[in-house]
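Chemist: First the structure, which I've put down as structure tokens, then a few questions once you've had a look.
Bear in mind that the values in this text are calculations on the coordinates, not laboratory data. Given the structure is predicted, the values throughout are model-derived calculations rather than measurements. Heads up, the Cβs are rebuilt from the backbone with ideal geometry, glycines too, and the neighbour counts pull from every protein chain shown.
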Amino acid sequence: MRAKEFLTEQELSDVHDGLDVAALALPYTYMIPELSNSNFYDLYRFGVALAAVRGEDGADDRVQDQHRPKFRASSQWGQHPIVSSYDPYIGKLIDKALAKTDHRGKKLVSSPGSEEMKDTVKGSPVKAFKGYPK
């Protein structure tokens, strides 16, 4: 059989875990012992921090500094989950779901309706007209 000519086997006697393979095959691979894979909030904030650092390094000079938001180590809401909905009865659903999981308490952190930012132009930029002549 000619199969042995194109089938090869890897020598895995030196491989003990994924880091052994990554050390050989992946360039610039870092492990971060201070972050846990089970703490999704910290992982998320680390990802946002990476993006902030790249933006602050001047990689995109089109964004002026006064319009670039300042990075904070934690978000305004911290590690607490949020639920957002256009359903005016979502608060009652949240209460029922919390009760089913032996939890309670929620805090409204937004306006009850959808509102525009103060500097949002609400008028149409297209000038109205009576239509085309027949």
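Chemist: Report, ordered by chain and residue number, the lysines lying within cross-link reach of LYS134, taken as a straight Cα distance under 27 Å and ignoring same-chain residues fewer than 8 apart.
Modeler: Correct list for LYS134: empty, as no lysines qualify.
Chemist: Can you list the lysines whose alpha carbon sits under 20 Å from that of LYS100, skipping same-chain ones fewer than 8 residues off?
Modeler: LYS92
Chemist: While we're here: Under 19 Å from a point placed 7 Å out from the Cα of LYS122 along the Cα-to-Cβ direction: which residues of the range 87-115 have their backbone N that close?
Modeler: Under cut-off, by backbone N: 111-115.
Chemist: Hey, which lysines would be in cross-link range of LYS96, C-alpha to C-alpha under 25 Å, not counting anything within fewer than 8 residues on its own chain?
Modeler: List returned: LYS106, LYS107.
Chemist: Can you tell me the order of 100-111, 35-46 when each peptide is scored by its average per-residue count of other Cβ atoms within 10 angstrom, highest first? Don't skip to the end; give the middle numbers.
Modeler: Numbers: 100-111: 8.4, 35-46: 12.2.
Ranked by mean Cβ neighbours within 10 Å, highest first: 35-46, 100-111.
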